[in-house]
Every structure is written in C-alpha cells, then in structure tokens.
Amino acid sequence: MICLLWTGKLDKSPYCHLLSKVIWDKVTRELTRQFCNILGQSYESPLSMTIVVRVQGLPPVLKFMNVMVGKRNEWQTMKQLLVPVKLDREFQFHSIFVCLVSKEQATEENPPMLMSSGHLLCKQSISKVSKNGTKTFKCPYCPSDIDSRTV
C-alpha cells in the first residue's frame, strides 16, 4: 500500500526492491496457494497429484494383494475389495459430491454411500427412497434393483 505514495517514482523509493519479478512471482504463487487452501483444493496440477497419491497408495494395495494371493478363490468372488489407504493431509479434500436425488451437497452427517450398482447417493436419499430400508428400489442411474440393507 505504501507504494501508492511513490506512484510514478517507485524506482527511486526505498521500496524499489518490490519491483523485482522474482518477488512478484513469489507473492503470486503464495496468494494462489492460500486461495486454493481456503477453497480446500490443491495448488498442484491434477497430474502431479495423481502420481503422488498413487505412489503413497500403492504399497498398502500391494501388501493386501500379497496377503490375498493364498486366498485366491475367496477374494476373486468378491465384488469389491476394501483396502484402507492413509494419505497425507494435503491430499484430503472436502466432499463436493452432489446427490442426484436430493440435489444437495454431501456432508459428514449425510455422506455419499456406494450402492451395489456401483453408483453413489447420499445416505438420507437412500433412506427416503427405500422407505427407511424396508424395501428395494431402482437405482436412479441405471435399471439395477438395489437392496437397501446391502448399502
């Protein structure tokens, strides 16, 4: 703000070092980083993030795979394998899932739930559509019948 007092003659002011491109590049980078942080998004490129997450997530998956090799028939019949993968805090972002049925963004109280069809709906929507878990319902994405007790 003080630079405004030196308009037109900043190069002769005690603040002339602020004209440096290196300084402005640092300021721009830091402002962008802070803005992305406030929004809960990453500053890094999606490709570099994907590579780093895969490098962090691969060891637990490989370890799980090695353990399950001896139980071949058991795990090959499962529809999905749940492997807990711990990621650094910088790779954990807020949910931006919007439920197709309720048109609301998912929250911690109303998280997205994976149905047997492989699609997602919010917990409250599944409860509503299935009459509090008492009946099966059609997946809004595809023609699959969903048993609410398996969600």
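Quick note: the coordinates plus some simple rules give every number you see, no bench work behind them. As the structure is a prediction and not an experimental result, all values here were calculated from the model. Please note: Cβ atoms are built from the backbone with ideal geometry, for glycine as well, and neighbour counts cover all protein chains shown.
What to note about this one:
- The set of residues in the range 84-121 being part of a loop (DSSP other than H, G, I, E, B), more than 27 Å from P60 (Cα to Cα) and over 14 Å from the mean Cα position of the chain (by Cα) consists of C99, L100, V101, S102, K103, E104, E109, N110.
- Some residue of the range 126-140 being among the aliphatic types (A, V, I, L, M), under 17 Å from the mean Cα position of the chain (by Cα) and buried (at least 16 other Cβ atoms within 10 Å of the Cβ): no
- Under the condition of being within 16 Å of R89 (Cα to Cα) and surrounded by 11 or more Cβ atoms within 10 Å (Cβ to Cβ), the residues counted in the range 35-50 number 9.
- Reported count of residues in the range 98-112, each being surrounded by 15 or more Cβ atoms within 10 Å (Cβ to Cβ) and closer than 25 Å to P46 by Cα, is 3.
- Counting only residues that are part of a helix (DSSP H, G or I) and surrounded by 11 or more Cβ atoms within 10 Å (Cβ to Cβ), the range 1-27 holds 10 of them.
- For the range 133-151, the set of residues classified as in a loop (DSSP other than H, G, I, E, B) and of a type in the set (F, W, Y) consists of Y141 only.
- Scanning the range 31-50 for residues that are free of Cβ contacts under 8 Å to residues at least 40 places away in the same chain and either outside any helix (DSSP H, G or I) or among the hydroxyl-bearing types (S, T, Y) (or both) yields a count of 6.
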